[in-house]
Structure formats: structure tokens, C-alpha cells
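The values are calculated or read from the model by the stated rules, or taken from the named source; none is laboratory data. Model, not experiment: these values are computed from the prediction. Backbone-built Cβ (ideal geometry, glycine too); neighbour counts: all protein chains shown. Only protein heavy atoms, including side chains, enter the accessible area calculation; ligands, DNA and RNA are left aside. Shrake-Rupley method; radii C 1.70, N 1.55, O 1.52, S 1.80 Å.
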Amino acid sequence: MKLVFAGTPEVAVPALDALIASGRHEVAAVVTRPDAPAGRGRHLVASPVAVRAEEAGIEVLKPAKPRDEDFLARLREIAPDCCPVVAYGALLPKAALDIPVHGWVNLHFSLLPAWRGAAPVQHALMAGDEITGASTFLIEEGLDSGPVYGTVTEQVRPTDTSGDLLTRLAFAGAGLLAATMDGIEDGTLKAVPQPTEGVTIAPKITVEDAQIDWAAPALRVDRVVRGCTPAPGAWTVFRGERLKLVQVALTPDRQDLAPGELSAGKNNVYVGTGSHAVELLWVQAQGKKPMKAADWARGVRIPAGELLGGHGQR
């Protein structure tokens, strides 16, 4: 088939690579979000998908909005049979959805109908799911509600961050998307409507969502830290400034600390929660690089009873 691939971030690159490498289909063009400011200089930078497509000599389309008439006209000229999508980042209008014969087929990083929306991996981790996966489905005008072509499953590991899990799903999902294109082309694959039960929604995680509530149980604290790593980053307040929590560990034997109460030893830093304590392993102070929590604690000299969360001392 002639394909137009739509995607933007690094997580979409393995799927593009898989389609290019398959040799069975022609990736005629790539659709991606416009160049965006990045880094300290805020210079405009092309998306990872745009960079990979240009390296492969593939035409790159960067519409400000996918309803722009110039973009739709070019898409009609290319006349793709199907448009595979991975994390493109913009809603597709009906005028675009109607162009390819076999529609737009999205690779979504959850087992639909669970976790429809922008942040399925983060929500799966924060909810404590033990199994997740990826699905390919035909895009409709609803939110991730279209019929499903196929799925792959992935076990959630106890120390997984959303970054870890998303990386594994990106590669597993790349194979699924390529196989879905093959099945659509040879007519062996039919999309099956999603169940009406088991629908959960996964909206984008905000900075406010990533703030740690020390009155919550330790298991919840651990899940929020892992689910929000690397982005937007779990955080708390320490002496009036934001402190990012990069990695924590559950320590059920420490039950002597009040929620948010710090206890710093020579090599360990513990903080109380609504159940038992967690150990801070890696933190990042405002304007600093990530560091081992014990090194951070030595630098700031934590007295007995000091609290995280902006409440001073116990």
C-alpha cells in the first residue's frame, strides 16, 4: 500500500522505521507537527519524526492544523491507501479522515477500551495496572473509540517509569502496526468494535497532578513518581522551592514518620506517607541536575522533624 505516516515525538520513530524497513509498503510522505522551540535558546527544532523522515528522503508535511486546505490538497494528490498514526498530537478532521481508502489507523499505547486519551501509559502506572499493551484501531471522530485491528500485551515491571514502559511499547507496537498494515492490504484483518464496558479515560497529566500528597499511602506515592517520570516529573515543596522526585523506594519497615516528615541518615533519606515511609533515591532541586538523595540531604542539612510539602517543621 501507499502510506502517509503521521507522528511527532521520539516514541513514534520505531513505528516509522518498521514501516520503512518492511519493504512491503511505500511510505510516500510523513505528517508531523510544526517545528517547535526547544532548549535554552528556544530555537525552532524539527520533530524526531521529521528528522528521521528527512534522513530517509521522505517528503515531510508540517501543517499548522490538519484542516488547512493546502495540506488536504497535497494529501489528495498523494492519494494514500492508508495513513498509520503514532502520537501525532492533533485532532484529524473528517475531511482528512475521508481521504485514504483504508482510513487512518492509530497505534495507541493501551489495551483499548482502557485508557483512551493522551496519557495512557502514565495512567496505567498510576492506577497500578499489572498488564498493559498497545492497540491498533481505525480512527473515528470520537476519542480513541474506533474498532480495533490488533493488540500486543506488556507486563508492567515493579520499578517501571512511564519512560521505561513507553520505550518497550514503542518497539512492540511498531511490529504490531506493520503487521496491521499487512493484514489490511491482504484482507485478512478486520477491525472489531470496542466493548462498551471497561472504558477508562487518560487525560494529559498536568503539573498539578504530579504534586505528591504525602498523606496518601506509600504505594500511591511510588506510583505517582513512576507514572510522572520523566514528564511532567513528580514534585513536592522543600523550603519554599519545588523539589522533583526522580526515584523512590518502598520501605514498609519504617512506620515511625508522619506524612511528609524527613529523616536523613548518612546514606539514606526517608519521608513519611499516609502508610509507611518511602526512601528518596534520586531528587532534583530547582535549577540543579538530578542527584542522589543522600548527597542532596547532606548539602541542605535537614534537622529532625523537617517536613516536605511546604509545612516547615513538625
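Couple of notes before you dig in:
- Restricting the range 72-81 to residues that are under 26 Å from residue 145 (Cα atoms) and out of contact with any strand residue (DSSP E or B) (no Cβ under 6 Å at 6 or more places or on another chain) leaves a set whose member that is surrounded by the most Cβ atoms within 10 Å (Cβ to Cβ) is 75.
- Wholly within the range 1-103, helices (runs of 4 or more DSSP H) carrying at least 3 residues that are over 28 Å from residue 186 (Cβ atoms) and at pLDDT 95 or above: 48-55, 69-78
Residue-wise test of (1) in contact with an Asp or Glu (Cβ under 8 Å, 6 or more places away or on another chain); (2) surrounded by 21 or more Cβ atoms within 10 Å (Cβ to Cβ); (3) modelled with pLDDT under 95.
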site	(1), (2), (3)
112	yes, yes, no
132	yes, yes, no
141	no, no, yes
151	no, no, no
159	no, no, no
163	no, no, no
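- Within the range 255-284, considering residues that are under 27 Å from the mean Cα position of the chain (by Cα) and open to solvent by less than 90 Å² (accessible area, probe 1.4 Å), the one farthest from residue 220 (Cα to Cα): 284
- Long-range neighbours under 6 Å by Cβ, at least six apart or interchain, first residue within 19 Å of residue 119 (Cβ to Cβ) within the range 133-147, second among the acidic types (Asp, Glu) and buried (at least 19 other Cβ atoms within 10 Å of the Cβ): 133/154
- Whenever a residue of the range 237-265 is closer than 15 Å to residue 215 by Cα, its partners that are charged (D, E, K, R) and assigned to a strand (DSSP E or B), lying with C-beta atoms within less than 6 angstrom and at least six residues away or across chains, give the pairs 262/306.
- Entry remark, the range 285-294: residues being surrounded by 12 or more Cβ atoms within 10 Å (Cβ to Cβ) and more than 14 Å from residue 248 (Cβ to Cβ) number 3 in total.
- Residue check for residue 147: open to solvent by 40 Å² or more (accessible area, probe 1.4 Å) and within 21 Å of residue 85 (Cβ to Cβ): no
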